[in-house]
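For reference, the structure is listed below as structure tokens.
The values are calculated or read from the model by the stated rules, or taken from the named source; none is laboratory data. None of the values given here were measured: they were computed from a predicted structure. With ideal geometry, Cβ positions are generated from the backbone for all residues, glycine too; neighbour counts draw on all protein chains shown.
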């Protein structure tokens, strides 16, 4: 998934999650993610000096005791502090800066842990669907899955093509940024499994392997969300592109990323 963030995203006062992502869902309980890749009241890092007088994790002056936002609508410049912390990380600030960026992205940018978890329901559901499919393929408990596996085995696909077909079968194209992010996250998780064991049989995975694929899919999608929301930080010309890619690889392997929405 790329890091382009040319869209200005939702303006201040708009819902955290656009209505079109989950028609009919209760306010603040949408299953989709907000693609507000720019803050409403300035550039991607126009707020290195902070998030306003109420502190970096306050949302419109109202937060609950567990850090969730009481406000139903997004504040202005909600990702500004997260981008400032990401800049510090890219400048050599280490894991502490990355953790601060992830924390601020969740607590202010995404409206708090509970709202972020609701926004990421699609991620959890997609990872669960992938795990169920892999288990059914191994155990041959679903005739439709079994027939599909038999057809794919006969096609003798390469590992890359097999991964693409598997992801397409479990997660059909939906045309949204969130859906594409999840598909990419799943493909990367399966690809990582193949890199670790080139002889792996995707249709005969152990429970541990299936669990790992699901967990890595979720972690990858969380990191994709960070790319989407904070990606303009990477585009600053003052950073070496090769170094940026190394930092992004470290970010994907960091517990700060995989635990950002917890």
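Show the residue pairs meeting these rules: Cβ distance below 9 Å; 6+ apart or different chains; first residue within the range 135-148 and touching a residue at least 40 places away in the same chain (Cβ under 8 Å); second residue surrounded by 15 or more Cβ atoms within 10 Å (Cβ to Cβ) and not in a helix (DSSP H, G or I).
Between residues of the range 135-148 that are touching a residue at least 40 places away in the same chain (Cβ under 8 Å) and residues that are surrounded by 15 or more Cβ atoms within 10 Å (Cβ to Cβ) and not in a helix (DSSP H, G or I), the close pairs are 135/205; 137/202; 137/203; 137/205; 138/203; 138/205.
Among the candidates 165, 173, which residue alone is modelled with pLDDT under 95, surrounded by fewer than 19 Cβ atoms within 10 Å (Cβ to Cβ) and out of contact with any strand residue (DSSP E or B) (no Cβ under 9 Å at 6 or more places or on another chain)?
After applying the criteria, what remains is 173.
Is it true that some residue in the range 208-215 is in contact with a helix residue (DSSP H, G or I) (Cβ under 6 Å, 6 or more places away or on another chain), within 19 Å of residue 157 (Cα to Cα), modelled with pLDDT of 75 or more and surrounded by fewer than 22 Cβ atoms within 10 Å (Cβ to Cβ)? Full working, then the answer.
Step one: filter the range 208-215 for residues in contact with a helix residue (DSSP H, G or I) (Cβ under 6 Å, 6 or more places away or on another chain), giving 210, 213-214.
If we keep only those that are within 19 Å of residue 157 (Cα to Cα) too, we end up with none.
Taking every residue of the range 208-215 in turn, none turns out to be in contact with a helix residue (DSSP H, G or I) (Cβ under 6 Å, 6 or more places away or on another chain), within 19 Å of residue 157 (Cα to Cα), modelled with pLDDT of 75 or more and surrounded by fewer than 22 Cβ atoms within 10 Å (Cβ to Cβ).
Here is a check on your reading of the model: is residue 129 assigned to a helix (DSSP H, G or I) and in contact (Cβ under 8 Å) with a residue 60 or more places away in the chain? Explain how you work it out, then say what you get.
Working: assigned to a helix (DSSP H, G or I): yes; in contact (Cβ under 8 Å) with a residue 60 or more places away in the chain: no.
Taking the combined requirement at face value, the residue does not satisfy it.
Does residue 160 fit the bill of being in contact with a helix residue (DSSP H, G or I) (Cβ under 9 Å, 6 or more places away or on another chain) and at pLDDT 75 or above?
Criteria met by residue 160.
Using beta carbons and a limit of 7 Å, which pairs, at least six apart or on different chains, have the first residue in the range 219-244 and surrounded by fewer than 16 Cβ atoms within 10 Å (Cβ to Cβ) and the second one at pLDDT 75 or above and in a helix (DSSP H, G or I)?
Note: pairs meeting the criteria are 239/90.
Name the residue, out of 183, 138, that is over 15 Å from residue 218 (Cα atoms) and touching a helix residue (DSSP H, G or I) at 6+ places or on another chain (Cβ under 9 Å).
138
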